[in-house]
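Presented below is the structure to which this report refers.
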Amino acid sequence: MAESAKPTPQLELFNSMTKKKELFEPLVEGKVRMYVCGVTPYDFSHIGHARAYVAFDVLYRYLKFLGYEVEYVRNFTDIDDKIIKRANEAGETVTSLSSRFINEFLLDMAQLQCLPPTCEPRVTDHIEHIIELITKIMENGKAYAMEGDVYFSVDTFPEYLSLSGRKLDHNLAGSRVAVDTRKRNPADFALWKAAKEGEPFWDSPWGRGRPGWHIECSAMSAHYLGHVFDIHGGGKDLIFPHHENELAQSRAAYPESEVKCWMHNGFVNKDDQKMSKSDKNFFTIRDVRGYLTAVLFQIIDLYHPMALRFFLMRTHYRGDVNHSDKALEIASDRVYYIYQTLYDCEEVLSQYRGENISVPVPVEEQDMVNKHHSEFLESMADDLRTTDKLQQKLEQQKKKQQQQKQQKQKQQQAQKQPEEYIQAMFALETEIKNKISILGLMPPSSLAEALKQLKDKALKRAGLTEELLQEQIEQRTAARKNKQFDVSDQIRKQLGSKGIALMDEPTGTVWRPCEPEGLSSLAN
């Protein structure tokens, strides 16, 4: 008798405040309130952004899978020094530039299959709430005004730096702006900035101006989620100063303010250096997907978006990922393998989907399904450990398919495949597709279409067309017939180095994308 699947293990998440994994228990049973810091839309998003939002999309999806009602807020910082500078350079308004890049960001997130958050507020729509929060901080004696600027006084808040664990002596004053010598303490940070000539501004009790960087998230998270909520996330570069300052100003205004779990994802590095727009050391998401900017954006698709998502998920969300074309090639190969396996499974099962098969799933296969289900949940419950478990199970499924195919070939032509094996295949297919969906890796199109897209992109990376590849396959076939095996081997090797694998079958030679030869050592 098959063993039943184990109960769903309780979720543990790493809390950046306590520096340890903790059992996740929402403040309100069955509901989760989560805030993730969004982008400053002055340019195309880079892979570092994708890293953050894929990581929190996995969390969002898994919480929903667990049955929670999730209120997920992710903001847009649509007023900022960098936006103003870029808009002036481009000769357009701040609103026009920020809105344009917000739309581009949303297109990127859709391509990566990141689910839309519950709410995506913009700073400029919440100036009133920001002014109210600053007023409260000043009333509590935690901030001071000077010549239209308002600064938070870190000396009045003993808990300052409790999140980052830094010491005041080690602060890097002026993370985004030059140090203001008028400040009482170099570590004091701006809550409100007096308007400069030609800049957008809003009226306030301190004069015309605009919000500082940090105050916006305190105001918007409180407005949408309350002063106490479950999860606050972002890249680990936000721990200091952004999240440290958020925590300080929120509690300075309302001492009961609390985030139950602070979560931070690792970087995407280029040559082991963090990607940064300011350092001009970044790839945009569109660079990786192969976009060109013309009158309209045209996809040239060097890599499937799901290959990028898979690449980002292969490393635990708290770890740093080192970007390389080789790593993306490997991810693309893995995604192709997953989709091909599922497609083969669909093809085998297509003739049986209309039948009402009443026999149970065989014990061995049901145990395999239950084991995979349990192991998946155990991995996810352990601080969202998205590793190669799925890949291992797909390889097991592929091996099972091959065994069944061999067994079927041994049977007489007219003999039907045993119903037990069909049920086993249905159960395995359902299990794998279910888990891939939880991870956001099921293609938006059919598996057949996704496989075609992956092959088209492999050809583009190889600098080939279908016609040119077919010519080389025919040349190799002719060389083999003429026993020119050195020539045929050379053609195969050259194509393999470009990520094109040839397979000789009874009906002829077929091809599929593969890791370019010499890259397999990078797969782990």
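The values are calculated or read from the model by the stated rules, or taken from the named source; none is laboratory data. These numbers were taken from a predicted model, which means no experiment stands behind them. All Cβ positions, even for glycine, are placed from backbone atoms using ideal geometry, and neighbour counts span all protein chains on display. Side chains are part of the model used for accessible areas, which takes the heavy atoms of the whole protein and leaves out ligands, DNA and RNA. Shrake-Rupley method; radii C 1.70, N 1.55, O 1.52, S 1.80 Å.
Listed values, structure above:
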read-out	value
Subset of the stretch 314-359 (residues that are open to solvent by less than 20 Å² (accessible area, probe 1.4 Å) and of a type in the set (A, V, I, L, M, F, W, C))	Val321, Leu328, Ile330, Ala331, Val335, Ile338, Leu342, Cys345, Leu349
Residue match in the stretch 43-60 (condition: outside the structural domain of His372 (by the TED database), modelled with pLDDT of 95 or more and open to solvent by 60 Å² or more (accessible area, probe 1.4 Å))	no
Yes/no for Leu454 being farther than 30 Å from Val58 by Cβ, open to solvent by less than 40 Å² (accessible area, probe 1.4 Å), at pLDDT 95 or above and part of a helix (DSSP H, G or I)	no
Complete set of residues in the stretch 96-155 that are acidic (Asp, Glu) and part of a helix (DSSP H, G or I)	Glu104, Asp108, Asp125, Glu128, Glu132, Glu139, Asp155
Any hit, the stretch 122-137, residues being under 12 Å from Ala248 (Cβ atoms) and in the same structural domain as Ile239 (by the TED database)	yes
Strands (runs of 3 or more DSSP E) wholly inside the stretch 1-84 that include at least 3 residues being farther than 30 Å from Leu97 by Cα	12-15, 20-23, 31-36
Any hit, the stretch 19-36, residues being open to solvent by less than 60 Å² (accessible area, probe 1.4 Å), without any contact (Cβ under 8 Å) to a residue 60 or more places away in the chain and closer than 29 Å to Ser162 by Cα	no
Residues located in the stretch 78-106, provided they are in contact (Cβ under 8 Å) with a residue 60 or more places away in the chain, surrounded by fewer than 17 Cβ atoms within 10 Å (Cβ to Cβ) and farther than 22 Å from Ile215 by Cα	Asn88
Residues of the stretch 211-237 that turn out to be in a helix (DSSP H, G or I), out of contact with any strand residue (DSSP E or B) (no Cβ under 6 Å at 6 or more places or on another chain) and surrounded by fewer than 23 Cβ atoms within 10 Å (Cβ to Cβ), as a count	3
Matching residues in the stretch 472-487 - criterion: being surrounded by 15 or more Cβ atoms within 10 Å (Cβ to Cβ) and aliphatic (A, V, I, L, M)	Ile473, Ala479, Val487
Selection count, the stretch 186-210, where residues are more than 13 Å from Gln249 (Cα to Cα) and either under 33 Å from the mean Cα position of the chain (by Cα) or outside any strand (DSSP E or B) (or both)	16
Residues that are open to solvent by 30 Å² or more (accessible area, probe 1.4 Å) and closer than 16 Å to Leu468 by Cβ, drawn from the stretch 488-508	Arg492, Gln494, Ser497, Lys498
Whichever residue in the stretch 156-168 is farther than 15 Å from Leu191 by Cβ and either more than 34 Å from the chain's Cα centre (by Cα) or not charged (D, E, K, R) (or both) and, among such residues, is surrounded by the fewest Cβ atoms within 10 Å (Cβ to Cβ)	Pro158
